[in-house]
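Computed from the coordinates by the stated procedures, all read-outs in this text should not be read as laboratory data. The model shown is predicted, which means the values in this text are computed figures rather than measured ones. With ideal geometry, Cβ positions are generated from the backbone for all residues, glycine too; neighbour counts draw on all protein chains shown.
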Amino acid sequence: MLRRLLFSTLTIVLAFSFCEALHAQGKNLDWAEKMFSDLKIDFGTVARGADTRTEIIIENLYEEEVTLVKVGTTCGCTAAKPDKTLLKTHDKARIEVVMNTVKFMHRKDSNVDVTLRFHGAKGTAEKTVRVPITAYIRSDVVLTPGNADFGSIEFGQVAEKTLKIAYAGRQDWKITGIRNGNDIIDAQIVETERGGGRVTYQLTVRLKEDAGIGTIQDKIYLLTDDQKSPEVPVLITGRVSPDIEILPNNFALGKLTPGEVKQFNVVIKGKRPFSISEIECDTHPDCFEIRELKGDMKTVHVVPFKLTTPDALGEFAETFTVTIAGRQKTLSFDAKGIIRTGS
């Protein structure tokens, strides 16, 4: 028998809402289907050559291990690949699903089949979950390259990508605008050629300097005067890497005793010289001492901390906010330990 773990109230509410939505569609989920973030994928209408991809996230909700025995697709127009196959409790596997819009056109239907094996104390259970996939690949609109991929960009830098949109069909076909819901992305479209039933546009996509650190995966939509297919999605991908890092970002204070004095160092390093104007903490400000900051411009700062452990027993945690001179966005790191008597 499967043994479910206890979840937080928020997780229960989200899971209940998800299950209710599927139940309303006449779908009762089995143990394997409950692990899937999506049980259906609809890419909608996309341009030929467009980078068309998404992720299915599978989370092990159980105490026992779950193995992804096999992941495959039922049509050559799609490919699916997991980033891991063995899932312990609360582990997540991401299956990247890609539609081939270069070799295939018009409506394409496929499935991702994932076979899961549950390793229980009284034996194993195996189940294959099928996730339907559909897309309509336009033959009259071609996107080159298939997406705006910024790759790796350093924090605070501006990046730009240019794409070509080629249309063959109506003499008066037009792109009328862009739907963009992401504040860190700026997009502009310019018509560059028209004649003989062919139209060419140039799309310029810019990543703004205030883009936050982390992965970027979003879409913008080209709005057209085509009533049947009024939107053409364009995938935007990239990763903003930090120019300044705190090492370690999660400092382990270990076992502490009440009244103990502990000293430790945190290293803050950047790709160019910078100065630290302030380091603050809110939860236990009276417990920490930091040597006075001199405002020196360096690529590496070694910051010494002194902790005087409070009397309260149990978990001890603090989040520090680091302000870099001349920068609005702050950095942060955590310090955690546990206070016990006689340790």
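Residues with beta-carbon under 14 Å from that of Lys306, excluding Lys306: net charge, scoring Lys, Arg +1 and Asp, Glu -1?
Details: positive: Lys262, Arg291; negative: Glu260, Asp286, Glu289, Glu292, Glu318.
Net of charged neighbours comes to -3.
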What is the sum of charges around Ile246, taking Lys and Arg as +1, Asp and Glu as -1, for the other residues whose C-beta is under 11 Å from the C-beta of Ile246? -1
Report the extension gain between Arg272 and Lys84 in nm, rounded to one decimal, defined as 0.36 nm multiplied by the number of residues separating them, less their alpha carbon distance. 64.0 nm
Any chance you could tell me what percent of the C-alpha pair distances in segment 88-183 go past 21 Å? 62
Taking R0 as 25 Å, what FRET efficiency do you get between Val69 and Lys40 from their Cβ-Cβ distance, rounded to the nearest 0.05? 0.70
Can you give the Rg and Dmax of segment 204-259 based on its C-alpha atoms, in angstrom? 21.6, 72
Simple Cβ-charge dipole of the chain, Lys/Arg +1 and Asp/Glu -1, about Cα centre, in debye nearest 20: 1100
Per the 1/(1 + (r/R0)^6) rule, R0 = 30 Å and r from the Cβ atoms of Arg107 and Asp218, FRET efficiency to 0.05 is 0.75
For segment 147-241, report the convex hull volume of the alpha-carbon atoms normalised per residue, in Å³, without decimals. 80
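Go ahead and run the numbers for FRET between Arg206 and Leu293, Cβ-Cβ distance against an R0 of 45 Å, rounding to 0.05.
FRET efficiency, Arg206 to Leu293: 0.80.
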Tally Lys and Arg at +1 and Asp and Glu at -1 over the other residues with C-beta under 13 Å from the C-beta of Tyr167: what net charge comes out? +1
Rounded to whole Å, give me the distance from the Cα center of segment 107-151 to that of segment 63-97. 10
Give me the number: length gained by fully extending Asp140 to Asn180, i.e. 0.36 nm times residue separation minus the C-alpha to C-alpha distance, one decimal in nm. 12.1 nm
Normalise the Debye intensity by I(0) for the chain, one equal point scatterer per Cα, no solvent, then take log10 at q = 0.08 Å⁻¹ and round to two decimals. -0.62
If I fit a long axis through the Cα atoms of helix 9-24 and take the longest principal axis of the Cα atoms of the chain, what angle between them do I get, 0 to 90°, rounded to 10? 20
